[in-house]
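Q: I have a structure I would like to understand better, so I am pasting it below and will then ask my questions one at a time.
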């Protein structure tokens, strides 16, 4: 068996993406949704490659599900806007709304782009409060577009994430603190 054969390349991409997700601290449910690997296979990958290399511990329980996390305070909005900008630049979030984003969004290619965006984000913000699971949820919420969506700062037109229920004008952190001279 040659690992370079075309028939093995898709399985290899799934395993590589699963390992990348594991190294970012993704939960089993999230990895299964994006790679279609079984729970048992994901656990074996973790114990063989991540735990053996003293990687991050496994997170248990439900994945994040509240969009208020992204709009809770100026710093959270700032970090969310920058991560959403990386998603936009890499084409992670589709341009049209998806009604069933949880099932139609996951793919190997999009999963790779999410990892790239998250790695760029953590390079800029090493102490950011947004976890990888939050990043996955942000992609899903932006693709659905019913609670949050892309918007522009009212002062400088920077990309920001806007809560659909808010009535106030949305400003980026720099304009809100008067640090940007527009």
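Q: Hey, quick one: spin label on residue 125, modelled 7 Å out along Cα-Cβ, who in the stretch 53-69 has an amide N within reach, i.e. under 15 Å?
A: Residues passing the 15 Å test: 67-69.
Q: Against the longest alpha carbon principal axis of the chain, how many degrees, from 0 to 90 and to the nearest 10, is the axis of helix 74-89 turned?
A: The angle comes out at about 60 degrees.
Q: Can you work out the base-10 log of I(q)/I(0) for the stretch 37-83 at q = 0.17, 0.20, 0.21, 0.28 1/Å, using the Debye formula on its C-alpha atoms alone?
A: -0.72, -0.76, -0.77, -0.96
Q: Let me ask something else. What distance in nm separates the two pseudo spin-label positions at residue 62 and residue 159, each 7 Å out from Cα along the beta-carbon direction?
A: Output for this residue pair reads 3.0 nm.
Q: Oh, and also: Can you match Cα extents along the principal axes in Å to one of these, (i) 61, 34, 30; (ii) 53, 33, 29; (iii) 52, 40, 35, based on a calculation from the structure here?
A: Only one option fits the structure, namely (i).
Q: Could you tell me the extents of the stretch 23-130's C-alpha atoms along the three principal axes, largest first, rounded to whole Å?
A: Result for the stretch 23-130: principal-axis Cα extents of 39, 32, 24 Å.
Q: Per the helix-only calculation at 222 nm, which mean residue ellipticity applies to the chain, given -39500 (n - 2.57) for every DSSP H run of n ≥ 4 and division by its residues, nearest 500 deg cm²/dmol?
A: -14500 deg cm²/dmol
Q: Given a Förster distance of 22 angstrom, what is the FRET efficiency for residue 147 paired with residue 29, based on the Cβ-Cβ distance and rounded to 0.05?
A: Calculated value: 0.60.
Q: Hey, another quick one. Could you estimate the translational diffusion coefficient of the stretch 6-50 from the Stokes-Einstein equation, with Rh from the Kirkwood formula over C-alpha pairs, at 25 °C and 0.890 mPa s, in whole µm²/s?
A: Rounded, D is 238 µm²/s.
Q: So what are the radius of gyration and Dmax for the Cα set of the stretch 68-176, in Å?
A: Considering the stretch 68-176 through its Cα atoms, Rg and Dmax are 13.2, 38 Å.
Q: Now, a different point. What is the distance, in nm, between label points placed 7 Å from the Cα along the Cα-to-Cβ direction at residue 12 and at residue 96?
A: 3.5 nm
Q: Distance from the Cα centre of the stretch 112-132 to that of the stretch 1-62, in angstrom?
A: 18 Å
Where a number appears in this text, it was derived from the coordinates with a stated rule and is not lab data. Bear in mind the structure is a predicted one, so any value in this text is a computation, not a measurement. No Cβ is skipped: glycine too gets one built from the backbone with ideal geometry, and neighbour counts run over all protein chains shown.
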